[in-house]
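Chemist: Below you will find the structure I want to go over with you.
Please treat every number below as a calculation from the coordinates, not as lab data. All figures in this text were calculated on a predicted structure; none of them were measured in a lab. All Cβ positions, glycine included, derive from the backbone under ideal geometry; neighbour counts span all protein chains shown.
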Amino acid sequence: MRHYEIVALIHPNHSDNIDDLVAKYRRMIETSGGVIHRLENWGRRRLAYPIQNLYKANYILLNVECSPATKNELENAFRYNDSIIRNLVIRVEKAISGHSPVYKKLQEQWEEERIAEEEARAQQLKAEQQAEQTEAAASASTNNASASDKGQDSRSKLAARKTAAKGEN
């Protein structure tokens with residue numbers, strides 16, 4: 001059994017079928033006695049140059065151990081699958097099972113995005129709480145103002161009564 005590294009570019013319109021495609025190729029490898037050491041989905045990425053008027057594609061990386069016959073079968077399956085717009089199969093000396101540098105970079109970006117989303121949610125929550133506090137303070141001052149207006153009304157009525165009483169005397 002030999003070790004191979006496979007990169008496949010999948011048409012962006014077939015993004016929903018990526019898991020099915022990977023499962024299909026995984027079955028091909030495993031039923032022939034091969035082993036998948038690494039499987040990475042790099043997601044949709046920009047192409048270096050347009051291919052079939054496409055500017056983006058979904059990237060899949062596989063490091064497998066299989067027979068040359070299985071490798072030929074995979075290449076043939078790639079060739080006749082309209083979802084695969086490009087593929088590259090190279091032989092490597094040993095099994096590679098660690099994450100690739102591209103995948104590590106993607107994980108860092110995903111972590112940064114997750115942290116930024118959490119911070120944005122926290123700021124939004126803080127702004128909502130401040131708005132609620134401001135609204136509560138405004139309604140409290142309105143209630144106080146209306147209560148003081150009522151007190152002022154009763155005082156002015158009392159003053160009017162006193163003046164009326166003086167005028168009668």
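Chemist: First measure r as the distance between the Cβ atoms of Val102 and Thr134, then evaluate 1/(1 + (r/R0)^6) with R0 = 45 Å and state the FRET efficiency to the nearest 0.05.
Modeler: Efficiency, rounded to the nearest 0.05: 0.40.
Chemist: Net charge near Ser32, counting Lys/Arg +1 and Asp/Glu -1 over other residues with Cβ under 15 Å of its Cβ?
Modeler: Here the charged neighbours net out to +1.
Chemist: For labels at Asn72 and Gln123 in the simple 7 Å Cα→Cβ model, what's the distance in nm?
Modeler: Placing both labels 7 Å along Cα→Cβ, they lie 6.0 nm apart.
Chemist: Residue by residue through the range 97-111, which ³J(HN,Hα) values in whole Hz follow from phi under the Karplus form 6.51 cos²θ - 1.76 cosθ + 1.60 (θ = phi - 60°), with glycine and proline marked x?
Modeler: With coefficients 6.51, -1.76 and 1.60, one gets 10, x, 5, 6, x, 5, 5, 4, 5, 4, 4, 4, 5, 4, 5 Hz.
Chemist: Would you mind computing, in nm to one decimal, how far apart the modelled labels at Arg91 and Glu113 are, each placed 7 Å from Cα along Cα→Cβ?
Modeler: 3.8 nm
Chemist: For the range 70-107, list residues with backbone N below 19 Å from a point placed 7 Å from the Cα of Asn53 toward its Cβ?
Modeler: It comes to 82-86, nothing else.
Chemist: Net charge near Glu112, counting Lys/Arg +1 and Asp/Glu -1 over other residues with Cβ under 14 Å of its Cβ?
Modeler: Value of the local net charge: -3.
Chemist: Here's a follow-up. Would you pull out the residues with amide H under 5 Å of Ile85's amide H, same chain only if 5 or more places away, H placed 1.01 Å from N?
Modeler: Leu9, Ile10, His11
Chemist: Can you give me the convex hull volume of the Cα atoms of the range 2-97, divided per residue and expressed in Å³?
Modeler: Once divided by residue count, the hull of the range 2-97 is 89 Å³.
Chemist: Right, here's the next one. Given a cut-off of 29 Å, name the pairs among Lys104/Lys126; Lys24/Lys94; Lys105/Lys126; Lys56/Lys126 whose C-alpha atoms lie farther apart than that in the structure shown.
Modeler: Beyond 29 Å: Lys104/Lys126; Lys105/Lys126; Lys56/Lys126.
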